[in-house]
Every structure is written in structure tokens, then in C-alpha cells.
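Q: Structure incoming, see below.
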Amino acid sequence: MGSKGGGLDAEDWFVDQYQDSADQPFVVHLRRLGVERLAGLVDPWATECIQPGHQMDFGGCLILVDVLDHETRRALRPPCTWNLDLQVLWNGSALQGYWGDGYLWDGFHPDYDEILNVHDPSMTDVEAAERTVEWLQEQLSRPLELRQWERPDGTTSSELWLTDIGGRISSHGRPWRRRGEPTRVTRVRPPGRSATR
């Protein structure tokens, strides 16, 4: 059993399905902070990590948080079928994060407002875990909407929209089908009662 907090075990957070050896100190601290500070914002089972040494080695420890966890996906009508992850990479001297999709660590533009981009060779694993959780808390608390355009032929085109910056984070379906006002707008985040209009 791991450290308890909020009724969850630390081992439930940021599980590495590929790693058999001991966890990095960064991951150990991140798991403890997940119990303390991310519970209620995201399900622990919507978090994972890929530590160095796996065949998909990203040059550091890659953290993934599924913004649209299974419960949220099932509640949306029609169900949302594409990926939207917060991705964070810690390589021992740089800590970077962004809103990603089905592609693992495919890069980001350094001028985007919503990214995490800290380069500090003196940063410790504990400091990197603290900054990671602070950034995740901030991102998971942002107002996120699913906007859907339903057409008479039954096709649906969708986009996920951060309302605080008025910007699209991800989209699905043909862009030309997203003209005019959306047929349905559903609040996805912050967590709590979903509102559809």
C-alpha cells in the first residue's frame, strides 16, 4: 500500500505500464502530489507515465493526463472518440508540457500561452514534480468546452475550445462542417456537473 490521501493510493497515479525497475524520484514525488493535489480534478486512472528505458524513449520521463477521461467521454452525446492529453516531459534539466492529441510528444510552439517550458539545469526532481503538478492543476481547472456541429446527414464535426483564451485546442471532423453556430456546446471542464446548451 502506498501513501494515502483523499481515499486513493499513490500507486494509482502515473502508472508506468512498461517499466519493471524502480521508479525515478520524479515519479515517486509526482505520485504523492497526485494524491494530494490532483484528486477531484482528474481520475488517477487517466494518468500515466513512460519512464526512460522503454522502447519509446523520449529522452526523459513522459507524463500523460487524459483530459477526456472515460466517464466524460461516455457522458458526451455523441460520445467523444479522440484523444486529448496534457503531456509533460522531464529530462533532468528541462521541463516542458503542452496540450497534445493522439501523438506522443510531437512538439509544440514555444510562444503558445498554455505551455510549460522551463529550462534549469539546477532543478531537482522534487522541484520538477512540484512545477508539473502546479501546471496540471492550472490546465485541468481551465474552462473547456466541446463544440459540436451536427448536420442533417448525421455527420458530426467537433472541436475542443478553451474559453478563457477563446482558442481551439483540438478538432475532429472536416473544418468546413464547423461553420456557423455549433448545434451543441457542452462544458467538459472544470470538473463537476456538465452543462449542455
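Values in this text are rule-based calculations from the coordinates and carry no lab data. Fair warning: this is a prediction, and the values are worked out from it, not measured in the lab. Because the Cβ atoms are built from the backbone with ideal geometry, glycine has one as well, and the counts that use them run over all protein chains shown.
Q: Report, in debye and to the nearest 20, how large the dipole of segment 144-189 comes out about its Cα centre when Lys and Arg carry +1 and Asp and Glu carry -1 on their Cβ. Write down the numbers at each step before the final one.
A: Numbers: 10 positive and 6 negative charges, 17 e Å.
Around 80 debye, computed over segment 144-189.
Q: A further question on this structure: Suppose each label sits 7 Å from its Cα in the direction of the beta carbon; what would the Thr124-Tyr112 distance come out to in nanometres?
A: 3.1
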